[in-house]
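The values are calculated or read from the model by the stated rules, or taken from the named source; none is laboratory data. Please read all numbers here as calculations on a predicted model, not as lab measurements. When we count neighbours, we look across all protein chains shown, and the Cβ atoms used for this are built from the backbone with ideal geometry, even at glycine. Quick note on the areas: whole protein, heavy atoms, side chains included, nothing else; ligands and nucleic acids left out. Shrake-Rupley method; radii C 1.70, N 1.55, O 1.52, S 1.80 Å.
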Amino acid sequence: MNLLLLLPALLMIGLVFVWPMIRYGWLSFHANSVLTGLNPVPNGGANWIRLLDDQRFWQDALQTTRFAGVSVGLELLLALAIALLLDQRWRGRGVVRALALLPWALPTTMMALGWRWIFNTPYGPLERLNEFVGLGPLNLLSTPMWTWLVTVVADVWKTTPFIALLLLAGLQTIPKDLYSAFRLEGGRPIQALRCITLPLLMPYVLIALLFRGAQAFGVFDLIQVLTGGGPAGSTESVALYAYLNAMRFLDFGYSATAMLAGFLLLTSAMLILAMLLRLSGLMKPVQP
Amino acid sequence: MLHLNGLGKRFGEQWILRDLNMQVDEGECVALLGTSGCGKSTALRLIAGLDRQDEGSIELDGEPLDSIPAERRRIAMVFQSYALFPHLSVRENLNLGLKIRGVSPAQRQQRIETVLDTVRLREMADRRPQQLSGGQRQRVALARALLRDPRVYLLDEPMSNLDAQLRDDLRPELRQLILQGTQPVLYVTHDQQEAMALANRIAVLKDGRIEQIGTPEELYKTPASQFVASFIGRPQINLLPVDKQLTIGIRPEDVGFDPEGMPCRLISREWQGASQLLLLDSPRGALRMLCAGDLSLSEPLHVSWLTSAEHRFDAGSGHRLAE
Ligand SMILES: Nc1ncnc2c1ncn2[C@@H]1O[C@H](COP(=O)(O)OP(=O)(O)OP(=O)(O)O)[C@@H](O)[C@H]1O
Ligand SMILES: [Mg+2]
């Protein structure tokens with residue numbers, strides 16, 4: 001009976017998630033490229049063996065992890081500050097709340113184009129400003145280090161509002177009486193942050209971490225539009241690499257392998273993280 | 001001794017509390033009694049320093065509190081919601097405040113163990129608040145207040161989340177734990193029975209002002225207005241309009257059978273064991289009457305009351321008229 005009620009949801013998940021994954025798995029054990037006339041031909045584990053040895057894939061995996069880690073870390077810190085600010089009562093808070101969400105509402109491609117233009121050499125506004133300083137052309141989008149930073153800045157700019165909103169929702173579940181009680185116990189407001197706010201907000205922080213971590217690891221559109229993976233592949237992500245394999249090199253079998261490998265890396269990282277969190281006791285269910 | 005001088009608070013243009021004057025002596029318990037939304041919690045928050053009053057002042061033992069922040073007033077409050085920290089165990093809940101106030105670990109431990117025994121929660125010490133029953137949570141809140149070693153206790157409807165049975169059970173406990181201390185106690189409730197049972201004096205609040213303040217007996221015997229009269233005493237007083245100027249109040253327990261009295265029709269009866277409450281249709285309107293539980297009734301009923309038992313109110317303002 002219970003299973004019957006779940007059936008529509010299960011069907012839906014099966015259709016959009018499980019089935020494609022199975023297809024990927026199947027495809028990853030086939031050669032399916034221009035060489036086979038785009039027909040799937042079983043090739044044993046050749047794709048996987050190739051992947052293990054593929055410098056470019058592992059380089060991309062490293063780059064993507066670094067990108068995701070730094071972006072999400074920065075986003076969490078910034079979002080926490082913003083959420084704490086928006087949770088206070090002050091005039092004009094409603095307007096600022098609405099404004100703060102704007103970057104998130106903007107389509108990623110438009111946003112990425114915007115950033116690309118800002119950092120364009122020699123026509124972008126940043127270079128124009130730089131002319132007054134007189135340091136010579138910055139060439140931000142042709143230096144690997146700077147380009148990487150630009151992708152992080154763009155991602156932080158876009159998704160911090162989302163996390164802030166999530167944390168704000170979490171903050172608002174904390175009963176105000178707790179803060180009153182804490183003050184009467186002799187605690188100053190700054191101590192309440194550590195003793196009440198942060199522990200009670202922790203489940204929301206972890207949810208944000210998992211959501212955004214997974215999302216950032218799968219980053220595609222931002223990189224594709226902003227840098228195209230360059231310069232010299234220094235900002236290429238796993239998803240972009242898989243995409244290139246399929247759409248540029250027309251090697252669907254290997255593309256599926258790279259995609260699936262990325263997915264497996266991500267899920268195992270998440271599982272390990274979740275286990276560590278459980279062990280550390282931070283994830284204890286708290287219902288105020 | 002807690003002294004409130006003309007305390008007032010407004011939100012925007014609207015005054016929630018106005019002209020609150022009151023004194024609570026050492027060891028005295030004053031109940032703040034009033035309907036929902038009349039400003040009871042607001043009054044406590046002002047005293048605790050959690051909100052700032054818009055007029056008037058608060059003094060404790062002759063010293064003005066107004067410029068002292070809440071965290072340094074040394075006032076304990078039991079919240080309507082108990083406000084226990086959900087992420088901490090009972091023991092940690094009690095420990096937090098002591099730690100913040102710089103009590104040494106050894107002393108903390110000893111005081112917590114003592115208070116856990118006092119409120120009989122030793123077995124529950126490692127549970128989280130959501131694993132406790134309502135009554136147990138309330139005792140944790142009381143224990144936390146006791147550990148504060150406060151100069152004043154403020155209790156905001158500490159019983160309102162409990163069922164009737166538990167309230168009766170906990171009343172003696174509350175009296176023993178808190179009301180026997182030497183500190184002034186302000187006890188907020190909307191339950192007149194609770195106020196009568198626990199408080200030395202009762203302040204009846206209406207629309208943010210004190211309607212009357214006095215001992216339970218004074219409020220029962222000489223209510224200053226129709227509002228107080230119908231708030232204090234159960235079953236509720238009968239209010240019988242006489243003319244445009246005068247309304248008579250007569251308590252159901254003061255109405256008696258009398259062959260010479262008004263003839264009445266019995267509409268309904270509530271049997272309460274030792275007594276029964278009759279609802280009568282009298283020539284002067286609907287009338288509640290209390291009589292012995294074992295009385296058998298035969299219509300027509302004739303009832304009357306002593307003129308001396310009547311309360312006389314101004315029909316317009318509702319104020320009590322001079323005898
Ligand atoms: N922050 C606030 N802003 C505006 N109005 C408020 C605020 N806090 C309380 N009020 C109003 O003040 C009035 C008194 O509130 P208060 O909480 O003191 O009532 P109460 O007597 O404790 O009621 P209850 O018995 O339901 O707890 C209410 O009408 C409430 O709407
Ligand atoms: Mg209240």
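Summary of values
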quantity	calculated
Residues that are crowded, with 21+ Cβ neighbours inside 10 Å and closer than 17 Å to B:P150 by Cβ, drawn from segment B:74-95	B:I75, B:A76, B:M77, B:V78, B:F79, B:Y82, B:A83, B:N93, B:L94
Test: residue in segment B:40-49 that is more than 14 Å from every other protein chain (Cβ to nearest Cβ), in contact with a strand residue (DSSP E or B) (Cβ under 8 Å, 6 or more places away or on another chain) and closer than 22 Å to B:N200 by Cβ	yes
Residue within segment B:56-78 that is within 15 Å of ligand 1 (Cβ to nearest atom) and within 14 Å of chain A (Cβ to nearest Cβ) present	yes
B:D61 vs. criteria under 20 Å from B:I178 (Cβ atoms) and away from ligand 2 (no atom under 13 Å from the Cβ)	yes
Odd one out for B:Q131, checked against (1) within 14 Å of chain A (Cβ to nearest Cβ); (2) within 16 Å of ligand 1 (Cβ to nearest atom)	(2)
Unmet criterion (only one of (1) modelled with pLDDT under 85; (2) in contact with a strand residue (DSSP E or B) (Cβ under 9 Å, 6 or more places away or on another chain)) for A:R89	(2)
Residue under evaluation A:Y204, criteria (1) facing chain B (nearest Cβ under 10 Å); (2) among the hydroxyl-bearing types (S, T, Y); (3) within 16 Å of A:L76 (Cα to Cα), criterion not met	(1)
Long-range neighbours under 7 Å by Cβ, at least six apart or interchain, first residue within 20 Å of B:V140 (Cα to Cα) and open to solvent by 20 Å² or more (accessible area, probe 1.4 Å) within segment A:181-206, second aromatic (F, W, Y) and assigned to a helix (DSSP H, G or I)	A:C195/A:F182
Count of segment B:79-106 residues which are in contact (Cβ under 8 Å) with a residue 24 or more places away in the chain and more than 9 Å from chain A (Cβ to nearest Cβ)	5
Unique match (being more than 14 Å from chain B (Cβ to nearest Cβ) and open to solvent by 40 Å² or more (accessible area, probe 1.4 Å)) among A:A269, A:A246	A:A269
Selected residue (only one of B:Q192, B:Q212 is crowded, with 16+ Cβ neighbours inside 10 Å and without any contact (Cβ under 8 Å) to a residue 40 or more places away in the chain)	B:Q212
Single residue of B:A76, B:A31 found to be in a strand (DSSP E or B), in the same structural domain as B:R120 (by TED's automatic domain parsing) and within 16 Å of ligand 2 (Cβ to nearest atom)	B:A31
Among residues of segment B:7-28, those that are open to solvent by less than 20 Å² (accessible area, probe 1.4 Å) and either in a loop (DSSP other than H, G, I, E, B) or more than 14 Å from ligand 2 (Cβ to nearest atom) (or both), counted	5
Residues of segment B:41-58 that turn out to be open to solvent by 10 Å² or more (accessible area, probe 1.4 Å) and within 16 Å of ligand 2 (Cβ to nearest atom), as a count	5
